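Laboratory data are not the source of any read-out in this text; all were calculated from the coordinates shown. No experiment lies behind these values; they were computed from the predicted model shown. Quick reminder, even Gly has a Cβ in these numbers, built from the backbone with ideal geometry, and neighbours come from all protein chains shown.
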Amino acid sequence: MEMIGRIREQDQLSRCEQSDKSELVCVYGRRRVGKTYLVEQTLSAFFAFHVVGSKDATTASQLREFGLELNDRGDENPTPPRDWREAFNRLYKVIVDAKAPRSPHGKAVVFIDEFPWFAKQRSDFLSAFATFWNRRSTSGQKLLVIICGSATSWIIEHMLDSSGDLAARVTESIFLEPFTLAETKDYFDERGFGWDLQTLIETQMVFGGLPFFFSLMQAHQSLWENIDRLCLRPRAQLRSETMILLESTMRKSKIYVELFELLSRHKYGIQKREACETLGYSSSQFAKATNEVIKCGYVREYRNLALDRHPKFLMLVDPFILFHFCFIETGGKRPPRRWVDFVADQGRYNAWRGNAFEIVCLFHVGQIKSALGISGVETREYPWHSARRTGGAQIDLVIERADKIANLCEMKITDLPYELSRANEQELVRKREVFAEETGTRLALKTVLVSVSGTSGYHDGSISQTITAKDLFRH
């Protein structure tokens with residue numbers, strides 16, 4: 001089947017293949033987002049060398065696998081490389097050989113997948129790779145070296161923000177995002193699922209736009225049946241996925257589990273300082289862990305402008321991790337084994353449902369801005385909640401605009417059109433007034449309702465615009 005989406009990313013890879021110089025390309029992003037698939041679908045026909053790192057393998061084992069791949073590509077030395085410097089020297093001889101594959105524009109394409117897993121502690125891999133690139137990228141043979149990894153924070157620290165031997169050596173970086181709702185629709189439509197827009201939104205609320213998860217779903221089953229089979233049954237394929245994610249892309253430390261579990265209980269996030277105090281780790285341990293999860297895109301950091309000194313908040317924004325801690329790691333409560341059991345627990349289900357939908361909307365701010373007609377306006381987006389203990393308010397999403405307007409977005413996911421009763425509209429007006437009073441903003445405030453199923457009933461003009469599911473699926 002034809003690749004869904006990824007047009008911009010494929011264009012980036014193609015431009016690097018067509019350029020007149022050697023290119024070092026870094027492809028990174030969340031586990032299961034489709035990084036390897038992107039590279040292989042775009043360039044695999046031209047690979048001169050392709051190797052994959054292994055998380056738990058020793059350096060000796062990695063060198064042995066690297067050597068076997070060298071042998072498959074024409075290296076006649078049967079002995080594994082003694083160290084990484086020898087490995088890269090032998091690699092260069094393989095890829096410059098006249099028999100080695102070339103891309104259409106004459107480049108030797110090298111793909112090192114799961115790159116961070118090669119760089120074990122006390123290994124010379126990274127310095128050897130830097131020497132290889134610094135020496136060979138300006139030699140006679142033009143190279144296209146693509147490194148890929150799910151350990152996003154490691155990639156950023158050691159490759160993109162490095163001050164060492166690889167400083168400023170990456171010529172192109174591609175951060176691969178999860179599918180948008182439009183891409184999700186294209187994916188499931190092509191595979192004959194026939195799901196409506198609300199079901200597709202709910203799919204993203206659980207699986208977070210990750211193509212690998214989508215590939216496991218079966219068209220003859222409903223969304224609920226797929227969730228039961230993949231996530232909720234005792235030996236379900238994705239039941240341990242979040243723990244595997246943490247072990248494979250971060251250090252084996254319980255701080256990450258405890259942090260995600262804490263954040264999953266706070267819809268609009270929790271003050272960074274309070275989170276540190278609650279978890280009981282040292283400030284350095286906590287800072288390191290939070291920096292990693294923020295860089296990986298699992299957690300969002302924002303400031304609450306209603307509170308004194310505008311403290312920083314941490315908010316969990318990965319839908320699948322949120323789902324895991326709401327349904328599977330339930331803090332001692334018995335986890336549901338069927339989706340219908342969870343839906344029957346209306347209080348718990350509706351709390352998750354509202355939170356998950358707001359996260360999906362946060363990832364589609366561009367589509368919301370487009371529906372508002374402000375795509376070209378510079379904005380800042382954040383959730384907001386009142387400092388008051390009583391009589392306060394919460395705004396699901398504030399879009400603060402450079403043209404001196406703030407859109408206060410209320411997110412609603414309901415099975416039927418959201419009823420705009422007098423009481424509901426008056427509550428939206430009250431929230432706007434509380435926001436104006438507490439923030440002291442001088443911006444014009446406009447209430448926007450984002451409702452999957454549209455609206456019904458009374459409408460007195462206090463809502464400036466209503467955005468529906470169709471708007472969220474804009475390309």
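Points worth noting:
- Spatial separation of Cα centroids for the stretch 12-32 and the stretch 418-441, in angstrom: 48 Å
- Evaluating 6.51 cos²θ - 1.76 cosθ + 1.60 at θ = phi - 60° for every residue in the stretch 442-459, the Karplus couplings come out as 9, 7, 6, 9, 10, 7, 10, 9, 9, 10, 4, 9, x, 9, 9, x, 5, 8 Hz, glycine and proline recorded as x.
- 5 angstrom amide H check on Ser456, placed H, neighbours 5+ away: Tyr418, Glu419, Leu420
- For Ile174, residues with placed amide H under 5 Å, excluding near neighbours: Cys26, Val27, Tyr28
- Highest average packing first - 110-117, 287-294, Cβ atoms within 10 Å: 110-117, 287-294
- Only helices enter this figure: runs of n ≥ 4 DSSP H residues, each worth -39500 (n - 2.57), summed and divided by the residues of the chain, yield -12000 deg cm²/dmol at 222 nm to the nearest 500.
- In this structure the amide hydrogen of Ile146, modeled in the peptide plane, comes within under 5 Å of the amide hydrogens of Val25, Val110, Phe111, Ile112, none closer than 5 places in sequence on its chain.
- Normalising the Debye intensity of the stretch 104-167 to I(0), with uniform scatterers on Cα atoms only, and taking log10 at q = 0.16 Å⁻¹ returns -0.57.
- Cα gyration tensor shape of the stretch 230-283, rounded if a/c is under 1.5, else prolate or oblate by comparing a/b with b/c: oblate
- For the stretch 239-352, the relative contact order comes to 25 percent (Cα pairs under 8 Å, sequence separation of at least 6).
- Alpha-carbon spread of the stretch 62-179, three principal axes, descending order, Å: 38, 36, 30
- Relative contact order of the chain, taken over Cα pairs closer than 8 Å and 6 or more residues apart, is 13 percent.
- Modelled spin-label separation between Lys404 and Arg191, with each label point placed 7 Å from Cα along the Cα-to-Cβ direction: 5.0 nm.
- In this calculation the C-beta distance from Asn77 to Val257 is compared with R0 = 41 Å, giving a FRET efficiency of 0.35.
- Global form of the stretch 1-108, assessed from the alpha-carbon gyration tensor, a/c cut-off 1.5: oblate
- Placing pseudo-labels 7 Å out from each Cα toward the beta carbon at Arg135 and Ser282 gives an inter-label distance of 3.9 nm.
- Sequence-separation-based contact order of the stretch 1-119, relative, with Cα cut under 8 Å and 6+ spacing, percent: 32 percent
- By average C-beta atoms within 10 angstrom, highest first, the peptides 341-348, 150-157, 431-438: 150-157, 431-438, 341-348
- Between the beta carbons of Asp165 and Glu378, assuming R0 = 25 Å, the FRET efficiency works out to 0.10 to the nearest 0.05.
- Its residues counted as N, the stretch 274-326 yields a C-alpha radius of gyration over 2.2 N^0.38 Å of 1.23.
- The stretch 222-235 - phi-based ³J(HN,Hα) in whole Hz, Karplus 6.51/-1.76/1.60, Gly and Pro as x: 6, 4, 4, 5, 5, 5, 4, 5, 8, 10, 9, 5, x, 10
- Alpha-carbon centroids, the stretch 446-464 and the stretch 87-150: separation in whole Å: 56 Å
- Under Karplus coefficients 6.51, -1.76 and 1.60, residue-wise ³J(HN,Hα) of the stretch 116-121 in Hz, glycine/proline x: x, 6, 6, 8, 5, 4
- Burial order of peptide ranges 181-189, 312-320, 441-449 (average beta-carbon count within 10 Å, highest first): 312-320, 181-189, 441-449
- Restriction of the GluC sites (Glu not before Pro) in the stretch 348-402 to DSSP coil positions whose beta-carbon has at most 15 other beta-carbons within 10 angstrom yields Glu378.
- Cα gyration tensor shape for the stretch 373-475, rounded if a/c is under 1.5, else prolate or oblate: oblate
- Option label - volume of the Cα convex hull per residue in Å³ computed here, alternatives (i) 155; (ii) 135; (iii) 172: (iii)
- Computed from the C-beta positions of Val429 and Glu40 and an R0 of 41 Å, the FRET efficiency is 0.15 to the nearest 0.05.
- Where trypsin sites (Lys or Arg not before Pro) fall in DSSP loop in the stretch 195-286, at most 16 other Cβ within 10 Å: Arg235, Arg251, Lys252, Arg265
- Segment Thr390-Lys470, extension gain: residue separation times 0.36 nm, minus the distance between their alpha carbons: 25.2 nm
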